1. Limited to the stretch 65-79, what total is found for residues that are charged (D, E, K, R), open to solvent by 60 Å² or more (accessible area, probe 1.4 Å) and assigned to a helix (DSSP H, G or I)?
2. Only one of Ile131, Ile123, Ile150 is among the aliphatic types (A, V, I, L, M), surrounded by 14 or more Cβ atoms within 10 Å (Cβ to Cβ) and closer than 19 Å to Gln162 by Cα; which?
3. Report yes if some residue within the stretch 170-183 is among the basic types (Lys, Arg), under 17 Å from the mean Cα position of the chain (by Cα), open to solvent by 40 Å² or more (accessible area, probe 1.4 Å) and farther than 30 Å from Ser47 by Cβ; otherwise report no.
4. Looking at Ser141 and the list (1) at pLDDT 95 or above; (2) open to solvent by 80 Å² or more (accessible area, probe 1.4 Å); (3) of a type in the set (Gly, Ala, Ser), which single condition is not satisfied?
Amino acid sequence: MSNKTQDKILAATTHLFNEQGIRATGIDGILKEAGVSKMSLYKYFSSKNDLIVAYLLRQEALFMSRYENIAVEMIDPKNKLLAMLDVYNDLIQSGEFKGSPFLNALSEFPIKDDPVHQAAIRIIHNFWTHILNLANQCGVSQPKKLASQIAMLMHGSILFSQTSCNSDYIANAKELVYSHLDCLATNQP
């Protein structure tokens with residue numbers, strides 16, 4: 001359960017991490033942006049790593065909420081798969097997109113036993129699991145392979161979109177996934 005102070009800290013954290021990067025953002029900058037004391041921050045987050053993990057979990061929840069708002073009335077699992085790309089497309093077109101916070105965290109925290117790295121990996125795995133569940137619902141013969149291919153396209157298109165601030169890469173990935181799903185559907189026994 002969050003409260004106003006915790007929300008202010010996470011909002012400031014999100015803004016600064018997006019603008020400056022995770023490692024480049026100091027606690028003092030977060031405190032100033034949030035307008036809270038150090039004691040208030042440490043009441044909710046025992047360390048900067050705990051704050052970063054909370055930020056990543058919040059970003060995951062926000063993404064899934066956006067996704068669920070788009071996919072809620074969809075019946076076809078293929079459309080639900082494509083809706084994941086629609087969320088990223090919408091984020092990129094908003095002008096506020098600074099890349100995947102999870103991929104950004106992995107690049108800034110490359111050591112595998114780092115808690116931030118582990119949290120980012122867990123979240124990315126959660127997305128892959130969601131894609132896998134949808135791939136299973138599509139009835140394809142190799143759902144794990146399909147889930148991996150879609151995840152690879154999704155992450156690759158996000159990185160290219162991040163470098164160009166252009167959502168064409170997401171649209172191209174969506175078109176490729178759609179074509180691939182159609183091809184798999186027509187090749188089913």
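The values are calculated or read from the model by the stated rules, or taken from the named source; none is laboratory data. This structure is a prediction, so every number in the text was calculated from the model and none was measured. Cβ sites come from the backbone with ideal geometry, for glycine too, and all protein chains shown count toward neighbours. Surface accessibility is based on the protein's heavy atoms, side chains included, excluding ligands, DNA and RNA. Shrake-Rupley method; radii C 1.70, N 1.55, O 1.52, S 1.80 Å.
1. 2
2. Result of the check over Ile131, Ile123, Ile150: Ile150.
3. yes
4. Going through the list (1) at pLDDT 95 or above; (2) open to solvent by 80 Å² or more (accessible area, probe 1.4 Å); (3) of a type in the set (Gly, Ala, Ser), Ser141 breaks only (1).
Residues checked against (1) loosely packed, with under 13 Cβ neighbours inside 10 Å; (2) in contact (Cβ under 8 Å) with a residue 60 or more places away in the chain:
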{"residue": "Gly26", "(1), (2)": "yes, no"}
{"residue": "Leu82", "(1), (2)": "no, yes"}
{"residue": "Lys98", "(1), (2)": "no, yes"}
{"residue": "Leu106", "(1), (2)": "no, no"}
